[in-house]
Amino acid sequence: MKKTERINTIMRYINNRAHFTISEIMSEFAISRSTAIRDLREIEQMGLPLIAEVGRDGGYSVLQNSFLPSVHFTDDEVKALFIAFMATRNQQLPYLKSRQSLSEKLIGLLSENQQDELVYLNEVLLFEGTNPYNPDLLDLTDLPDPTLEKLIQALLKDRYLICTFTTGKIALYLVHLYQQKSAWFIEGIIIETREKHVFAVEELIDIAVFEGKHPKNIAKNYVAAPINLILTLEAKAIAQFKKYHPFRLTLAYLNPFQTKARLETVVGTKPEEVSEMVNWLLFLGEDLHIERMPDEIREELIQRTKKHQSVL
């Protein structure tokens, strides 16, 4: 480990501890006592206020309520941050303005050689959603739903929320907020019925923290929706599943060779949900056995299959 990288790592290590000793630093970073003392002196010179404690159990502690010294990034850390920003373009993530200002600040801290390397990486690396013939042309604008940041701010205060959707107002307990195919969804438990449902953030109009009395431990005591889709997947279908599967779907393998698996889940029956599920089932291929499915999906699947056969 290079000296600069080691010192930065030691700074993070000691800043997260109320008390530490030279021996702990030596053991944690596999360095000699003299090297540990030199590194701590250099860290003090950089502005991190260390207080030496005398006595048999003496050591060091960090003066509380003090500003951290400036952070120094290694070349590899800079590249990792920059590539992370590149990879999240066109992902409809919140805090877009903050991501842009962070990128500008990061580049402003770098030398000309480092900046040239990042420009080169930006030209060579292409991620999902980028047009290879025109890298500056994204498939979608990198703007999240305008209510997403407001939802996150409310969520940081409380997971019990009053959500106003295009279909009406619902009091719910938010279990997960997740992204799928550049769209955001709320997995929540409706407080009144104790039923778990998934809601599209794009249908969200307003959010407020739930102020009334709400049930405790609702996440453990909700009414689970009845399973309406049961599949058995053979080897080829499992391979397709690994290429793509909807959020939170998992397989239960039926043999140690993972060539046969079972899937049990709850799926919606709205027209768009039915269409998406039929597309995915057709994507899995013929190496698939359906034990149970909603009638809406079955009818759509039969119609699609007939239409495909007539075209052939």
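Would you please name the residue that is least open to solvent (accessible area, probe 1.4 Å), looking only at residues in segment 253-262 that are of a type outside the set (Ser, Thr, Tyr) and assigned to a loop (DSSP other than H, G, I, E, B)?
255
Could you grab the pairs with beta carbons closer than 8 Å, sequence gap of 6+ or different chains, first residue in segment 213-238 and under 22 Å from residue 267 (Cα atoms), second one part of a loop (DSSP other than H, G, I, E, B) and aromatic (Phe, Trp, Tyr)?
Within 8 Å, no pair qualifies.
Restricting the search to segment 148-157, which residues are in contact (Cβ under 8 Å) with a residue 24 or more places away in the chain and either surrounded by 14 or more Cβ atoms within 10 Å (Cβ to Cβ) or closer than 30 Å to residue 129 by Cβ (or both)?
148, 149, 150, 151, 152, 154
Just for segment 280-312: of the residues that are loosely packed, with under 12 Cβ neighbours inside 10 Å and among the polar types (S, T, N, Q), which one is farthest from the chain's Cα centre (by Cα)?
Ranking the qualifying residues of segment 280-312, first place goes to 310.
If you go through segment 263-287 one residue at a time, how many are closer than 14 Å to residue 297 by Cα and either of a type in the set (Lys, Arg) or assigned to a helix (DSSP H, G or I) (or both)?
13
Restricting to segment 178-192, name every residue that is more than 17 Å from residue 210 (Cα to Cα) and either in contact with a Ser or Thr (Cβ under 7 Å, 6 or more places away or on another chain) or of a type outside the set (Lys, Arg) (or both).
178, 179, 180, 182, 183, 184, 185
Among the residues of segment 263-274, what is the count of those that are within 18 Å of residue 230 (Cα to Cα) and open to solvent by 40 Å² or more (accessible area, probe 1.4 Å)?
Going through segment 263-274 one residue at a time, the tally reaches 4.
In this structure, is residue 143 more than 20 Å from residue 96 (Cβ to Cβ), among the aliphatic types (A, V, I, L, M), part of a loop (DSSP other than H, G, I, E, B) and open to solvent by 40 Å² or more (accessible area, probe 1.4 Å)?
The answer is no for residue 143.
Cβ-Cβ under 9 Å, sequence separation 6+ or interchain: first residue in segment 254-269 and aromatic (Phe, Trp, Tyr), partner modelled with pLDDT of 95 or more and surrounded by 14 or more Cβ atoms within 10 Å (Cβ to Cβ). Which pairs?
From segment 254-269, no pairs qualify.
Under 7 Å between Cβ atoms, which residue pairs at least 6 apart in sequence (or on different chains) link something in segment 28-40 that is more than 19 Å from residue 62 (Cα to Cα) and of a type in the set (D, E, K, R) with a partner that is open to solvent by 50 Å² or more (accessible area, probe 1.4 Å) and in a helix (DSSP H, G or I)?
33/26
Any idea which residue in segment 197-231 is most open to solvent (accessible area, probe 1.4 Å), counting only those that are assigned to a loop (DSSP other than H, G, I, E, B) and β-branched (Val, Ile, Thr)?
Checked segment 197-231; the qualifying residue most open to solvent (accessible area, probe 1.4 Å) is 227.
Which ranges mark the helices (runs of 4 or more DSSP H) fully within segment 72-126 that have 3 or more residues being open to solvent by less than 50 Å² (accessible area, probe 1.4 Å) and within 30 Å of residue 152 (Cα to Cα)?
75-87, 96-108
Of everything in segment 16-36 that's assigned to a helix (DSSP H, G or I) and surrounded by fewer than 14 Cβ atoms within 10 Å (Cβ to Cβ), which residue is nearest to the chain's Cα centre (by Cα)?
Across segment 16-36, the extreme among qualifying residues is 27.
Return the residue satisfying two criteria in turn: it lies in segment 1-22 and is out of contact with any strand residue (DSSP E or B) (no Cβ under 8 Å at 6 or more places or on another chain) and polar (S, T, N, Q), and of such residues it is modelled with the lowest pLDDT.
16
The values are calculated or read from the model by the stated rules, or taken from the named source; none is laboratory data. The structure presented is a predicted model; accordingly, all values stated were derived computationally and were not measured. Note: ideal-geometry Cβ built from the backbone for every residue, glycine included; neighbour counts use all protein chains shown. Surface accessibility is based on the protein's heavy atoms, side chains included, excluding ligands, DNA and RNA. Shrake-Rupley method; radii C 1.70, N 1.55, O 1.52, S 1.80 Å.
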